[in-house]
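The values are calculated or read from the model by the stated rules, or taken from the named source; none is laboratory data. Bear in mind the structure is a predicted one, so any value in this text is a computation, not a measurement. A quick note on method: Cβ atoms are made from the backbone with ideal geometry, for glycine too, and the neighbour counts reach across all protein chains shown.
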Amino acid sequence: MRRGAKIFLIASLVAQAAALVRYVILARMLGPAELGLAATLILTAQFFESLSDTGANRYVVQDARGHTPEVMGLVHMILAGRGILLAAALALTAGLVADLYKAPILAPGLIALGLTQVILGFQNLEVRRVQRDGDFRPEAVMTIAGEVTSAIAIAAAAWIVRDHTAVIYGLTARALIMLIVSHVMAERRYAWAFGKADAVAFSRFASPLFLNGLLLFFGSQGDRILVGASLGAEGLGYYSAIILLIYYPAAALSRFVASLHMPNVARTRDNPEKFAREREQLGGRAVLLSTAMLLGFCLAGPLFAPLLYGHAFAQPLPMFAALALLQAVRLARCWPTTLALGTGDSFSVLAANVVRVVALPAAIFAYKAWPSVYAIVGAFILGELLSLATALIYQWRRRVVRARREFVRSFLFTLVGSVAVALSATLQERMWAWSAGVAVVLLGTLALHAWTERPTILHAWGLVRSRIFRRA
C-alpha cells in the first residue's frame with residue numbers, strides 16, 4: 001500500500017519549482033554573469049557528490065536487509081564520512097577550480113559549500129527506509145520544508161549581498177532544515193553500526209556506483225561544463241537559465257517515477273507475472289511523461305524564458321526544442337535504471353553511463369568543427385540515446401525486458417522528439433509550407449506512439465475516472 005504518494009509527487013514538484021525560483025531570483029537580481037558563477041559553484045559541488053555516490057539511500061530500499069538497524073547504522077556511518085570527505089575535497093581543490101574557470105572569487109564560496117555536505121551527511125535515512133512499506137510521507141515533508149526554506153533564504157541573501165554567494169546561504173539553510181526534519185520524523189533513533197557481512201554486501205552494491213557517479217556527472221552536466229569553458233561565466237548563465245526551465249521538471253518527474261516504482265520492482269522481481277505488469281507500467285509512464293514534457297517545453301519554453309528572466313534570455317525556437325529532447329531522453333532513462341537498481345543490478349547502470357560519456361569527446365570534436373551550442377547539445381543527445389539503448393540491451397540479456405517491445409517504444413519516442421526539433425527549425429526560418437508538412441508527420445507519429453502505449457494510457461484514464469466518480 002502506498003501512503004503519501006500524492007504528497008510525495010507534490011514535494012518533488014515543489015523541490016524543482018523552488019530550485020527554479022532560486023535561479024530566477026539570481027538571474028533577475030544579479031544578472032547572467034553572477035548567475036554563471038553561482039552555477040559554477042553548484043556544478044563543482046555536484047561533481048564531488050557524484051564522485052562519492054554510494055547509493056546508500058537506494059540500498060536501504062531495495063536490499064533484503066536494508067530495514068535492519070545494523071544496515072541502517074552502517075549507511076549512516078558511511079554517509080557521515082562521505083560528507084566530511086566532500087567538505088575536505090572542496091577546501092583542497094577550491095583554488096584549482098577557481099584557476100580553471102579564471103575566477104579567483106569562486107574559491108571562498110567553494111570552501112563554504114563544504115559545510116552543506118557535512119550537514120547533509122548526518123541525515124537520518126529513516127525517511128527512505130519507510131518507503132519499503134510504501135510510506136513516502138516523511139521524505140515529502142522533509143523535501144518541501146528544505147526547498148521552500150532554501151528559496152526564501154536565497155531571495156533574502158541575494159537582496160543583501162548582491163552576488164553569487166547568495167546561493168551558499170540558501171543551500172546551507174536547506175541542508176539544516178532537511179537534517180532537522182529527518183530526525184524529527186524518524187521512527188528509530190539515529191545510530192552508527194558496523195558489521196563485516198553487511199559491509200561486504202554493501203560494498204558489492206556500492207562499488208560500481210563510485211565510477212558510475214563520476215560518469216553520471218559528466219553525462220548529465222558535461223554540456224554545461226563545455227558551455228562554461230567555451231563561452232565563459234556569462235554564456236553559462238544564459239545557457240543554465242534556459243536548460244533549468246526543463247531540467248527541474250525532468251528531475252522532479254524522474255525522482256517521483258523512480259521512487260514510486262523501485263519498491264514495487266524490488267518486491268515483485270521474484271514473481272514473473274506481477275513483475276511484468278510493473279515493468280510495463282514503469283516503461284509506459286516514463287516514455288509518456290518524457291514525450292509530454294518534451295512537447296510542453298517546445299510550446300511553453302519560448303514564452304516563459306523571457307517572462308521569467310527578462311527579454312535578454314530569449315533564444316531561438318530550435319534551442320528550446322533541442323534542450324527539450326536532451327532532457328526528455330534523460331528522463332526516459334529512469335525506466336531501465338529503476339529496473340536495474342530495483343533488481344540489485346548496479347553494474348548495468350555503470351555500463352550505460354560508460355557509454356553515455358562518449359558524448360563528452362564527441363561534443364568537444366563537434367564544437368571544434370562547428371562552434372555552436374547546437375553542436376554540444378546534439379552530441380549529448382546522441383550520448384543519451386546510446387546510453388538508453390545500452391541499458392535496455394543489458395536488461396534484455398538479463399531477461400528483464402522484451403527486446404521488440406522496448407525497441408518500438410524507444411524508436412517512436414525518439415522519432416517524436418526528432419520531428420519536434422525539425423518543426424521548430426522550420427518555424428524559426430518561417431518556412432510555413434514545410435512547417436505544415438512536418439506538423440502532420442508529428443501528429444501521425446504521436447498517434448502511433450499513443451496507440452502502442454494504450455495499456456498505460458487506459459490504466460491512467462481508469463484511475464482518473466474512478467476518482468472522479470468516487471468524488472461525485
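For the reader, a short list of remarks on this structure follows.
- Residue in the range 118-134 that is more than 17 Å from Tyr59 (Cβ to Cβ), in contact with a Phe, Trp or Tyr (Cβ under 8 Å, 6 or more places away or on another chain), surrounded by fewer than 20 Cβ atoms within 10 Å (Cβ to Cβ) and modelled with pLDDT under 90 present: no
- Tabulated pairs, the range 16-32, first at positive phi, second surrounded by fewer than 19 Cβ atoms within 10 Å (Cβ to Cβ), C-beta under 9 angstrom, 6+ apart or interchain: Gly31/Glu234; Gly31/Ala312
- Set side by side, the residues Ala156, Ala186, Ala241 differ, and just one is small (Gly, Ala, Ser) and crowded, with 20+ Cβ neighbours inside 10 Å, which is Ala241.
- Criterion (of a type outside the set (Val, Ile, Thr) and closer than 16 Å to Ser220 by Cα) met by exactly one of Leu303, Leu307, Leu299, Leu326: Leu326
- When Ala153, Ala157 are checked against the criterion of being touching a Phe, Trp or Tyr at 6+ places or on another chain (Cβ under 6 Å) and within 16 Å of Val14 (Cα to Cα), Ala153 stands alone in meeting it.
- Conditions (1) in contact with a helix residue (DSSP H, G or I) (Cβ under 6 Å, 6 or more places away or on another chain); (2) surrounded by fewer than 22 Cβ atoms within 10 Å (Cβ to Cβ); number of the one not met by Ile381: (2)
- So Ile177, is it β-branched (Val, Ile, Thr) and out of contact with any Gly (no Cβ under 7 Å at 6 or more places or on another chain): no
- Any hit, the range 11-23, residues being closer than 13 Å to Gly237 by Cβ, out of contact with any strand residue (DSSP E or B) (no Cβ under 8 Å at 6 or more places or on another chain) and at pLDDT 75 or above: yes
- In a residue-by-residue description of the range 381-402, the property of being over 23 Å from the mean Cα position of the chain (by Cα) and of a type in the set (Phe, Trp, Tyr) applies to at least one position.
- Scope the range 244-277; condition more than 17 Å from Thr337 (Cα to Cα), of a type outside the set (D, E, K, R) and surrounded by fewer than 18 Cβ atoms within 10 Å (Cβ to Cβ); matching residues: Asn271, Pro272
- Residue that is of a type in the set (A, V, I, L, M), more than 24 Å from Thr337 (Cα to Cα) and not in a helix (DSSP H, G or I), where the choices are Ala103, Ala87, Ala107: Ala103
- The single residue among Leu303, Leu325 that is in the same structural domain as Pro455 (by TED's automatic domain parsing), in a helix (DSSP H, G or I) and touching a residue at least 24 places away in the same chain (Cβ under 8 Å) turns out to be Leu325.
- Residues that are without any contact (Cβ under 8 Å) to a residue 60 or more places away in the chain, surrounded by 11 or more Cβ atoms within 10 Å (Cβ to Cβ) and in a helix (DSSP H, G or I), drawn from the range 426-439: Thr426, Trp434, Ser435, Ala436, Gly437, Val438, Ala439
- Subset tally (residues that are free of Cβ contacts under 8 Å to residues at least 60 places away in the same chain, buried (at least 17 other Cβ atoms within 10 Å of the Cβ) and not hydroxyl-bearing (Ser, Thr, Tyr)) for the range 86-106: 7
- The range 65-77, residues that are surrounded by 20 or more Cβ atoms within 10 Å (Cβ to Cβ) and β-branched (Val, Ile, Thr): Val71, Val75
- A residue that is in contact (Cβ under 8 Å) with a residue 24 or more places away in the chain, more than 17 Å from Ala328 (Cα to Cα) and among the small types (Gly, Ala, Ser) occurs nowhere in the range 391-411.
- For the criterion of being farther than 26 Å from Phe205 by Cα and either buried (at least 19 other Cβ atoms within 10 Å of the Cβ) or not basic (Lys, Arg) (or both), Leu423 passes.
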